[in-house]
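Reviewing the structure listed below.
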Amino acid sequence: MTTYLGMSAAHDSSVCFYKDGKIQFFMKEERVTRKKRDSDPVISLYNFDTNDDIVFCYSFPNLNYPSYTKNNHLVSKKYNVINSYDLSDSHHLVHANLAFYDSNFDTSLVFVVDRNGSTPNINGVFYDSCRESESVYIASYPNSFIPIYKNYWAYQNSSYEFIKEASLNNPNCEFNASSMYSITKVYETATALIKEGILENGKTMGLSAYGDKKLTSCPMFTKESIAFDYLFGHEQILEDQFAINLQLQKFAKKVGENDYHLYANYAWQVQKQTQEALANLVNKYVQKTGIKNVCITGGYGLNVVANHYLITQFPEINFFFEPLADDSGNSIGAAMKVYRDITLDNKKYPLGNTFFNGFKYDLNKIKGKSVNAKDVAKLLLNGKSVAVYQGVSESGPRALGNRSILFDARDKNAKNKVNKIKKREWYRPFAGMVLESDANIYFDMGKIKNSPYMTVSFPVKANVFNIIPGVIHVDNTCRIQTINESNTNIYDLIKEFKELSGVSVILNTSFNIAGEPLVETPDDAIKTLKNSELDYIWFPEISKIMSKKDLT
């Protein structure tokens, strides 16, 4: 028997053991080390045992990456490796594999929009002056991924001889490398300006809603020094976008509630123009190919505001937004790619959910009192914060009910109260869980029937503004997760909440403190209860609830 071991190193590292089209085991390294975005998945690798032959499918930033030699040695030491595949020069292709095979489409376009893809490799020659930024593929079963567009961002603005070579090798693909900026690199300038790390673009997305939508925009894809031109009215001649981000840090600050306007206005322009750039790309290749099934992935694929923009701009297109669009899922994508390439398996195996990180832990020693879903609903109605801990944790960056903190969405002060628990920025929005059958009562979803992965932000209907103020962002939108019977305990809770209050929406945010990974083990959960102002942890599988009184 053969198992495919996928490994993705660098930030958000993970491992995936994949067999016969199904995940046998997946783990994101940060969940066990408690080091956010941990880059070296050694502990995860050793958390699974199998006697199967192993096909090792790995994706590293480059072969000089520190963990490359070590992890290859560790894999060979523990497992019977019969073959290895290096996918380090195929970062975008790995993203595309996961999105397509997870989408349930027969054929689709796959748009990969990422901050740092692979260095281009043309006939064995690496052109290290640039990296993948946007890619478009035509994907179909069993393993066809035809590139039709490749855009690269550059370290410096100059001509690239590899474009000629690449075009000669693949005349049916359009290649471009004309700028040091890409969609995500433009976005990073706003993130740098608010003194955040370059992987924290989600914070910029939240702040962008506070920007003035009436201000005249400055084109952001035309000049090298876009941020300086826009903000300070003069051009700074800098070598590359790394230097620009460093310069931006000199002006950067953590924005406060009384001095955010400059930063929010710029964040909005970045949000607006990057989503328009992606929409232009989608329109071009849908028109060119006639294919109306579209997958969106890569780090920018987690931009819920841009995803809603795409839905409204192209109502005739069927979109799938991959929930593990960041590098968390690349171990899965790597294993999927090699599995399909070798077996030519033509069957569909969409993942179906994200509840497959790590293990299901023993809860027999958990202290607390017995409760049912109605009891928990009453706690929420009484203004208490309740974390839910159940089953196997979510694999992606979004908490979807197995490791979530819940609160009453009817409370107009919910944001401030939950931010105090989470210890996070004042301007960031909270998501709403809603019964799938009731979603269109509260949210303007158009033709969309469900949104189970919290990948789209929808407008809130005006007649419910005063009903669920706790989950409405400043732009009157809400990132939602629709809930049906498949998520039994959360479904039962919201039904009880609706029966008691008449409202079928509750606030949902990730069960962690700012700067920490999502809680994984019961001990992680209890530590968070102890070190925060969280009121309770609900363990629905054992019908118990824990408070701080149970910690002594």
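The values are calculated or read from the model by the stated rules, or taken from the named source; none is laboratory data. Note that the coordinates shown come from a computational prediction; the quantities given were computed from them, not determined experimentally. Positions of Cβ are backbone-derived with ideal geometry, glycine not excepted, and every protein chain shown enters the neighbour counts.
Quick look at the values:
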{"item": "Contacts under 8 angstrom Cβ, first residue in segment 414-440 being under 16 Å from Asn512 (Cα atoms), partner in a helix (DSSP H, G or I) and of a type in the set (Val, Ile, Thr), 6 or more apart", "result": "Pro429/Val471; Phe430/Val418; Phe430/Val471; Ala431/Val471"}
{"item": "Where a residue in segment 13-40 is among the basic types (Lys, Arg) and its partner, wherever it lies, is assigned to a strand (DSSP E or B) and modelled with pLDDT of 95 or more, with Cβ under 8 Å and at least six apart", "result": "Lys19/Thr2; Lys19/Thr3; Lys19/Tyr4; Lys28/Ser14; Lys28/Asn357; Arg31/Asn357; Arg31/Ser393"}
{"item": "Residue selected from segment 132-166 under the condition within 21 Å of Pro61 (Cα to Cα) and polar (S, T, N, Q), by the criterion modelled with the lowest pLDDT", "result": "Gln156"}
{"item": "Selected residue [at pLDDT below 90, in contact with a strand residue (DSSP E or B) (Cβ under 9 Å, 6 or more places away or on another chain), at negative phi and not aliphatic (A, V, I, L, M)] from Asp240, Asp259, Asp229", "result": "Asp240"}
{"item": "Subset of segment 350-373 (residues that are touching a helix residue (DSSP H, G or I) at 6+ places or on another chain (Cβ under 7 Å) and closer than 19 Å to Thr107 by Cα)", "result": "Pro350, Leu351"}
{"item": "Test: residue in segment 423-442 that is within 22 Å of the chain's Cα centre (by Cα) and among the hydroxyl-bearing types (Ser, Thr, Tyr)", "result": "yes"}
{"item": "Condition broken by Lys77, with the remaining ones in (1) free of Cβ contacts under 8 Å to residues at least 12 places away in the same chain; (2) within 22 Å of Val392 (Cβ to Cβ) satisfied", "result": "(2)"}
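Yes/no per residue for (1) free of Cβ contacts under 8 Å to residues at least 24 places away in the same chain; (2) under 30 Å from Ile54 (Cα atoms); (3) not hydroxyl-bearing (Ser, Thr, Tyr):
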position: Lys288; (1), (2), (3): no, no, yes
position: Gly301; (1), (2), (3): no, no, yes
position: Thr312; (1), (2), (3): no, no, no
position: Phe321; (1), (2), (3): no, no, yes
position: Phe356; (1), (2), (3): no, yes, yes
position: Asn364; (1), (2), (3): no, no, yes
